[in-house]
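I have placed the structure first, in the form of C-alpha cells, so that the comments after it can refer back to it.
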Amino acid sequence: MKRVVITGMGIWSCLGKSLDEVRDSLYTGKSGIILDPLRKEMGFRSGLTAKVDIPDLKGVLSRSQRTYMPEQAKYAYCATVEAMRNAGIDQDYLDKHDVGLLYGNDSSVDPAVRAVDTIREKHDTTLCGSGAIFQSMNSTVTMNLGTIFRLRGINLTVSGACASGAHAIGLGALLIQTGLQDMIVCGGAQEVNPFSVGSFDGISAFSIREDAPEKASRPFDRDRDGLVPGGGAATVIIEEYEHAVKRGAPIIAEVLGYGFSANGDHISSPNVAGPSKSLRMAIERAGIGIDEIGYINAHATSTHVGDTNEAKAIYEVFGDRRIEVTSTKSQTGHEMWMAGASEIIYSILMMQNDFIAANLNFENPDEDSAKLLIPNQRIDKHFDTFLSNSFGFGGTNATLVVREIKQ
Amino acid sequence: MEKNELIAKVNSVLAEEFEVEESIITPDANIKQTLQLDSLSLVDMVALIESEFGVKIQPADLAKIQTFQALYDYLAERA
C-alpha cells in the first residue's frame, strides 16, 4: 500500500481566516461563539452560533462563478486557495495533472429556502435565477471547486453528517493508498446561516447558555447543555508520499489510519460500540500501538449523551493510559460537515507548535469524563501522533490517525 | 417613469449586476455580447429586470429582444 501524506492545509473558520490566525486562536483559547439577535427574532430556542464572515470574492472570481456559490462554497474556495498555496500547487500544475476532489458537505439550505420563497411569492421558477440550482445541491462545494480549479480527478461530495469531513479525508487516503490517485483536495464545509440549523434548533440540541456565549460549548463538562452550531471550511491536500517527495512538496504529516463504522442503532443518539470499533480500526490500520498516540481530538460536541458515550468509547480502547483528550469544539462550536477536516488541521497546528489547546469550560467532570485526561488549560508539550474522532447522525463514525513528518 | 429615466436605470442596473462599464451599453449594442451573457446569466437578467421593474420578459419575447433599444422599448410599454 502506498503512503498518504498531507502537503497543504487551509482554513476559514470562526477562529481565523488563515492557518496563522487559527494557530494563535487555539494557543490563546479564543472562543468563536456569539449570540445572534437575528436568530432570536426568528424564533430560535438558542441564538448561539459561531461567527464566521462570508468572504467577498468580487474581483477574485467572475460574476458567474460567484453566482453559483453558496456561502460554504466561498469558505471552501478560500480554504482551498490557502491549502494549494502552501502545498506549492498552482493552476499550471492542476492543468497538467489529474487532481481529485473529495469534500464533506451535507446541506445547502439557504439557497433552497430562497428559491422556494421566490416560487411561492412569484409563481414563476425563472425568477429563482441561475444560481439557485447549483447553490442548493448537496454537491455544491465540489461542483464549484471542481470547475473553478479545473480539476479532472475524482470529484465527489461526501455526505456523512457530522463525520463528512473525516470520511472525505479517509476515503481520499484509500484512493491514494491503492494508487488510483496521486493527489486529492479533501476537506469539509459547513454553512452558518440561520435557516441551515433552524430545524436542528427545533429538537433542542443547542445550548441555551445565552448569557455567556463563550461558556456555552463545554464538551465533557458535567453541566453541558447542548452544542453550539458553527461552520466555515477546511481543506487538506493529501498526496502519495513518493509523489510529494518527487515534486519537492512540503510534507506536513502522514495519514496513518482511517477507521469507520456505523452504529446500526438510533438516528441521533450515539452508542459506544460503534465509535469504539471505529477507533480500534483506525489504530489497527495505522499499524501502531495506543502508546504511540500522544493526543486525542475528540468529537465531543457538548451534548450529554454524545460526550458520555465518546468518553466511554475512548476509555474502552485506551483504558487507564491517560492521553490528553480535548475537544476543540469548546472554541469553535460544532462545525458539523466541516469538523472532521478542520479538526485535523487544528490538531496538526498544535502538533507543529508543541501545544494542546485547552478544552474550554471543562470545570467539573462527570462520571465518564473523569476517567479521561482532559486539560482545561493549554498544555505546552510535544506530541507526534494524534487520533481524531468524528461521529454523525445516523450513527456514522470516522476516526483518523495522523503522524507528524519532520523534513 | 419617464423613458430617459428608465433607460438610465436599465443601464445602471445591468452594468452593476454584470460588472461591465456602463459606457459600453449603447442603444444599438447587442445585449448578450455586451453583457457577456450565456444561457444561464440570461436567466439572471430576466430575474433582475422583474425585480427592478416589475416586468417579466416572456420567453417568446426574450428571443426578439436583441439590443438595448429593444429592451428599453419593451419595458417602456409595460413598466
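State whether segment A:127-284 is rounded, prolate or oblate according to the following rule on the C-alpha gyration tensor (a ≥ b ≥ c being the square roots of its eigenvalues): a/c under 1.5 gives rounded; otherwise a/b larger than b/c gives prolate, and the remaining case gives oblate. Oblate, since a/c reaches 1.5 and b/c is not below a/b. Taken one residue at a time, the phi angles of segment A:3-19 give Karplus couplings (6.51, -1.76, 1.60, θ = phi - 60°) of 8, 10, 10, 9, 10, x, 9, x, 8, 9, 9, 5, 9, x, 10, 7, 4 Hz. Gly and Pro are set to x. Where the centre of each part is set by its Cα atoms, how far does segment A:285-326 sit from segment A:146-214, in angstrom? Centre-to-centre (Cα) distance: 22 Å.
Of all GluC sites (Glu not before Pro) in segment B:17-79, which ones are in loop regions per DSSP and have a Cβ with at most 12 other Cβ atoms within 10 Å? List each step's numbers first, then the result.
Numbers: sites: B:Glu17, B:Glu19, B:Glu21, B:Glu22, B:Glu50, B:Glu52, B:Glu77; in loops: B:Glu19, B:Glu21.
Hits after loop and neighbour filter: B:Glu21.
Amide hydrogen proximity for A:Phe44: with H placed 1.01 Å from N in the peptide plane, no residue at 5 or more positions away or on another chain lies under 5 Å. Put a plus charge on the Cβ of each Lys and Arg, a minus charge on the Cβ of each Asp and Glu, and nothing anywhere else: the dipole of the protein assembly as shown about its Cα centre is then about 800 debye.
For the residues A:Thr7, B:Thr67, what sequence is obtained by ranking on other C-beta atoms within 10 Å, fewest first? Let's see the in-between values first.
Working: A:Thr7 25, B:Thr67 15.
Neighbour counts put them in this order, fewest first: B:Thr67, A:Thr7.
Each peptide in A:372-379, A:85-92 receives the mean, over its residues, of other Cβ atoms within 10 Å, and ordering these scores from highest gives A:372-379, A:85-92.
Under 21 Å of direct C-alpha separation, and excluding same-chain neighbours fewer than eight residues apart, A:Lys96 reaches these lysines: A:Lys246. Along the axis of the charge dipole computed for the protein assembly as shown (Cβ charges of +1 for Lys and Arg, -1 for Asp and Glu, origin at the Cα centre), the listed residues A:Cys162, A:Ala233, A:Thr385 are led at the positive end by A:Thr385.
Pairwise Cα separations in segment A:324-407 fall into 5 Å bins from 0 onward with the following percentages, short to long: 3, 13, 23, 24, 22, 11, 3, 1, 0.
Between the listed residues B:Ala63, B:Ile31, B:Val10, the Cα displaced farthest toward the positive end of the dipole of chain B, a dipole computed from Cβ unit charges relative to the Cα centre, is found at B:Ala63.
Sequentially through segment A:382-397, phi angles give Karplus couplings (6.51, -1.76, 1.60; θ = phi - 60°) of 9, 9, 10, 9, 9, 10, 10, 9, 9, 10, x, 3, x, x, 8, 10 Hz, Gly and Pro residues having no value and appearing as x.
What separates the Cα centres of segment A:227-277 and segment A:74-115 is a distance of 17 Å. Under a model in which nothing but the beta-carbon of Lys, Arg (+1) and Asp, Glu (-1) is charged, segment A:341-392 shows a dipole of about 140 debye around its Cα centre. Computed from the C-beta positions of B:Ala70 and A:Ile267, the FRET efficiency with R₀ = 60 Å rounds to 0.60.
Shape class for segment A:259-404, computed from the alpha carbon gyration tensor (a ≥ b ≥ c): rounded, with a/c under 1.5. For A:Leu102, A:Leu38, B:Leu48, A:Leu26, the sequence from fewest to most other C-beta atoms within 10 Å is A:Leu38, B:Leu48, A:Leu26, A:Leu102.
Going by a ≥ b ≥ c, the root eigenvalues of the Cα gyration tensor, does chain A fall in the rounded group (a/c under 1.5), the prolate group (a/b larger than b/c) or the oblate group? Write out the running numbers ahead of the final one.
Numbers: a/c = 1.65, a/b = 1.08, b/c = 1.52.
Judged from the Cα gyration tensor, chain A comes out oblate (a/c at least 1.5, b/c at or above a/b).
The Rg/Rh ratio of segment B:3-78, with Rg taken over Cα atoms and Rh as the Kirkwood radius over Cα pairs, comes to 0.90.
None of the figures in this text is laboratory data; all of them are computed from the coordinates on show. Small disclaimer: the values here were computed from a predicted structure and weren't measured. Neighbour counts are summed over all protein chains in view; Cβ atoms, including those assigned to glycine, are modelled from backbone coordinates with ideal geometry.
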